[in-house]
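Written out below as structure tokens is the structure these notes cover.
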Amino acid sequence: MKSVDLLISSGSGPVECRIAVGRFIDILSKEAQKRGCSFEVTSEIAADKDGPKSALVTLQGETADQIVEEFCGAIRFVFKSPVRPQHKRQNWFISVSRIARPAINEIVIQPNDVRFETLRAGGPGGQHQNTTDSAVRVVHIPTGIQLIARNERSQHRNKATALERLGMVLKHLQEDEIENAKAVRHHKNRNIERGNEVKTFRY
């Protein structure tokens, strides 16, 4: 079955962009369900009461690629700030990008840097739904990043999937730090591209 990983990010945007990330996760979840795809939030990075700075989600199903084609790029949300009522700005941008799983040994994760936890699997599964504690949460101790893998029926396979997803997130963060360093060096701000959004949502 086709599986696609997407990173939903608020970039360097303000708190309202975190709110937009949370709202977009709900939108994408409903869209996936409507098209017969499974949808899972596998990690929320730097989450607080207003929402995550970014989130890693996995789509699984025959229509996953179609959804990606429609939603990848800059997404514009139009709403009045619920945290700054006097703020005049109403346009908030987030980005959605497909991320590839890193090649073997591209990202080295030290065994002492991770902790594994087992939990009862949930979500779609039909007659093959897990009824044992085969789902796995991996915690990256240095960064606090947590990811969950539950789609496989084997705890060993879920553990491998969780590590693979952790490598994806760490690779993205590593690349993001490099780009931020370049932006600082050239006195530029890294902003999500505006005026070229693929979708607009109004609240």
Next on the checklist: Quick check on I99: is it in contact with a helix residue (DSSP H, G or I) (Cβ under 9 Å, 6 or more places away or on another chain) and modelled with pLDDT of 80 or more?
Outcome noted: yes
Item to check | Check on F116, in a strand (DSSP E or B), modelled with pLDDT under 95 and under 21 Å from the mean Cα position of the chain (by Cα) | outcome: yes
Checklist entry - Can you tell me which residues in segment 1-58 are touching a strand residue (DSSP E or B) at 6+ places or on another chain (Cβ under 7 Å), in a loop (DSSP other than H, G, I, E, B) and under 29 Å from K88 (Cβ atoms)? => result S10, G11, G13, P52, K53
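Okay, residues lined up against (1) surrounded by 21 or more Cβ atoms within 10 Å (Cβ to Cβ); (2) farther than 19 Å from V78 by Cα; (3) among the polar types (S, T, N, Q):
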site: L7; (1), (2), (3): no, yes, no
site: S10; (1), (2), (3): yes, no, yes
site: E16; (1), (2), (3): yes, no, no
site: G22; (1), (2), (3): no, no, no
site: I25; (1), (2), (3): no, no, no
Item to check | segment 151-203 - residue that is at pLDDT 80 or above, not hydroxyl-bearing (S, T, Y) and not in a helix (DSSP H, G or I) and, of those, nearest to S38 (Cα to Cα) | outcome: R153
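The values are calculated or read from the model by the stated rules, or taken from the named source; none is laboratory data. Fair warning: this is a prediction, and the values are worked out from it, not measured in the lab. Reconstructed Cβ throughout: ideal geometry from the backbone, glycine too, with neighbour counts over all protein chains shown.
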